[in-house]
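Novice: My questions will all concern the structure given below.
The values are calculated or read from the model by the stated rules, or taken from the named source; none is laboratory data. A quick note: this is a predicted structure, and the numbers were derived from the prediction, not measured. Neighbour counts are summed over all protein chains in view; Cβ atoms, including those assigned to glycine, are modelled from backbone coordinates with ideal geometry. Keep in mind that these areas ignore ligands, DNA and RNA; they rest on the heavy atoms of the full protein, side chains included. Shrake-Rupley method; radii C 1.70, N 1.55, O 1.52, S 1.80 Å.
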Amino acid sequence: MAVICGFRFEVRPETEVVELQADHRTVHVCRECLVLLTVHRRIHHMKVEKVIVEVAERQPLVAFA
């Protein structure tokens, strides 16, 4: 099964996607995006929980059939 990464909106196999939860919202991100979020959290002291909520609310501009 394929899943869309909520950060880049790329279609990825289910095995390459991680589910993140924050504030009763869920978002699927690929492993590469998870690495980016982790690095930004450590270097910039970013609140990943806020990013998860923002990404969960966004919708892709292109619909996949």
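Novice: Taking the stretch 1-30, which residues are more than 9 Å from the chain's Cα centre (by Cα) and not β-branched (Val, Ile, Thr)?
Specialist: 1, 2, 10, 12, 13, 14, 16, 21, 22, 23, 24, 25
Novice: From the list 48, 39, 35, 53, exactly one residue is within 11 Å of the chain's Cα centre (by Cα), farther than 16 Å from residue 3 by Cα and open to solvent by 30 Å² or more (accessible area, probe 1.4 Å). Which is it?
Specialist: On the way: 48 fails: open to solvent by 30 Å² or more (accessible area, probe 1.4 Å); 39 fails: within 11 Å of the chain's Cα centre (by Cα); 53 fails: open to solvent by 30 Å² or more (accessible area, probe 1.4 Å).
Among 48, 39, 35, 53, only 35 is within 11 Å of the chain's Cα centre (by Cα), farther than 16 Å from residue 3 by Cα and open to solvent by 30 Å² or more (accessible area, probe 1.4 Å).
Novice: I've got another one for you. List pairs: first in the stretch 14-38 and over 18 Å from residue 50 (Cβ atoms), second of a type in the set (A, V, I, L, M) and open to solvent by 80 Å² or more (accessible area, probe 1.4 Å), Cβ under 7 Å, 6+ apart or cross-chain?
Specialist: From the stretch 14-38, the pairs are 14/1.
Novice: Can you say whether residue 38 is in contact with a helix residue (DSSP H, G or I) (Cβ under 9 Å, 6 or more places away or on another chain) and modelled with pLDDT of 85 or more, as far as the supplied structure shows?
Specialist: Working: in contact with a helix residue (DSSP H, G or I) (Cβ under 9 Å, 6 or more places away or on another chain): yes; modelled with pLDDT of 85 or more: yes.
Judged against the criteria, residue 38 is a match.
Novice: Under 6 Å by Cβ, and 6 or more places apart or on different chains, what pairs join a residue from the stretch 43-65 that is within 18 Å of residue 18 (Cα to Cα) with one that is part of a helix (DSSP H, G or I) and modelled with pLDDT of 80 or more?
Specialist: 48/37; 48/41
Novice: Follow-up question, since we're still on this one. Say we look at the stretch 1-13 and pick out the residues that are touching a residue at least 40 places away in the same chain (Cβ under 8 Å) and in contact with a helix residue (DSSP H, G or I) (Cβ under 9 Å, 6 or more places away or on another chain); which of these is surrounded by the most Cβ atoms within 10 Å (Cβ to Cβ)? If you could, list the steps in order and put the result at the bottom.
Specialist: Step one: of the stretch 1-13, the residues touching a residue at least 40 places away in the same chain (Cβ under 8 Å) are 4, 6-7, 9, 11.
Still in the running and in contact with a helix residue (DSSP H, G or I) (Cβ under 9 Å, 6 or more places away or on another chain): 6-7.
Working: 6: 24, 7: 20.
Ranking the qualifying residues of the stretch 1-13, first place goes to 6.
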